[in-house]
Amino acid sequence: MQISMIMPNYNGAKYLDKALGGFAVQDHPDKRLIVIDGKSTDASHAILSAFSGQRPDVVWSTTPDRGISDAINIGAEMVGDDAVCGYLGSDDILRKGALSAVSDLFEEYPFIDAVYCRSYFYDGGGLVRLHVPLPTFSKKMLRRHGTIAGLQNFFVRASILKRLKMDTQLKYAMDLDFYFRMIAAGHPRILASPVISTLNMGDGSISTSQRAASSRERHRVTISHCGYHPKTVLRYAWAS
């Protein structure tokens, strides 16, 4: 089973070498990395040119995109329907053996639509924390907790991603919206896995204003899928 990782990148040179290296050491025999980056102005293009030129399992598309959601949609169209798609940020490092472990789960449970995994998170202050997502993936849990798993730890059948697509109008909550729409479209067979798939190099660079904008967008997405609910309003009130 092919696992295709889609990496949108824009000026992500800081950790790009490490993210590409994490893909390179995967032992899964049918892996692919699709990088969407036509606009970077830092060292990203030099890094990508050197890396992709040496590897037949790496595709670098310079098609201009309109943001992360659009880049994921562009990458998905380059994948066969029978593959599994994952998202890889330029600051996400795949752990050794992660893709083989995910592939084994899809082979063992052929009826599932998606798998989500555990991850490590580096907070920029010297601490590495383990994130263990909730074991139940449902509309109720999405509404209650804002999301279940980050996109970098979510692997979905390509046919579903290509059909539903990411909402290109969303900048922060495209994952939450996609999860709600997967369930609404009749694809609730989403498996929680003990596999630790990535290390995210979150170095605390996101600003307070971005956090507030993200929270507001998640609020709007939750309301659009679940309607008004007092707990939802209270959860996001601080960002209004």
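For the structure I just gave you, tell me whether Tyr109 is hydroxyl-bearing (Ser, Thr, Tyr) and either without any contact (Cβ under 8 Å) to a residue 12 or more places away in the chain or closer than 19 Å to Gly12 by Cβ (or both).
No, not satisfied.
Scanning the stretch 129-177 for residues that are free of Cβ contacts under 8 Å to residues at least 24 places away in the same chain and assigned to a helix (DSSP H, G or I), which turns out most open to solvent (accessible area, probe 1.4 Å)?
By that ranking, first place goes to Arg163.
I need the full set of residues from the stretch 9-48 which are among the β-branched types (Val, Ile, Thr), open to solvent by 30 Å² or more (accessible area, probe 1.4 Å) and touching a Ser or Thr at 6+ places or on another chain (Cβ under 7 Å), in order please.
Hits for the stretch 9-48: nothing passes.
Every residue in the stretch 114-128 that is within 15 Å of Ile196 (Cβ to Cβ) and open to solvent by less than 30 Å² (accessible area, probe 1.4 Å), please.
Matches in the stretch 114-128: Val115, Tyr116, Cys117, Ser119.
Among (1) in contact with a strand residue (DSSP E or B) (Cβ under 9 Å, 6 or more places away or on another chain); (2) modelled with pLDDT under 95, where does Tyr15 come up short?
(2)
Where residues in the stretch 214-240 are among the basic types (Lys, Arg) and either farther than 12 Å from Leu142 by Cβ or over 20 Å from the mean Cα position of the chain (by Cα) (or both), which of them is modelled with the highest pLDDT? Quick ask: steps written out before the conclusion?
Taking the stretch 214-240 and keeping what is among the basic types (Lys, Arg), we get 216, 218, 220, 231, 235.
Okay, now just the ones that are also either farther than 12 Å from Leu142 by Cβ or over 20 Å from the mean Cα position of the chain (by Cα) (or both), so 216, 220, 231, 235.
Numbers: Arg216: 88, Arg220: 92, Lys231: 58, Arg235: 55.
My answer is Arg220.
Quick check on this structure: which one of Ile183, Ile206, Ile196 is outside any helix (DSSP H, G or I), modelled with pLDDT of 90 or more and under 18 Å from the mean Cα position of the chain (by Cα)? Step through it out loud before you land on a result.
Numbers: Ile183 fails: outside any helix (DSSP H, G or I); Ile206 fails: modelled with pLDDT of 90 or more.
So the residue among Ile183, Ile206, Ile196 that is outside any helix (DSSP H, G or I), modelled with pLDDT of 90 or more and under 18 Å from the mean Cα position of the chain (by Cα) is Ile196.
The values are calculated or read from the model by the stated rules, or taken from the named source; none is laboratory data. Just so it is clear, the model here is predicted, and its values are computed rather than measured. When we count neighbours, we look across all protein chains shown, and the Cβ atoms used for this are built from the backbone with ideal geometry, even at glycine. Accessible surface areas use protein heavy atoms only, side chains included; no ligands, DNA or RNA. Shrake-Rupley method; radii C 1.70, N 1.55, O 1.52, S 1.80 Å.
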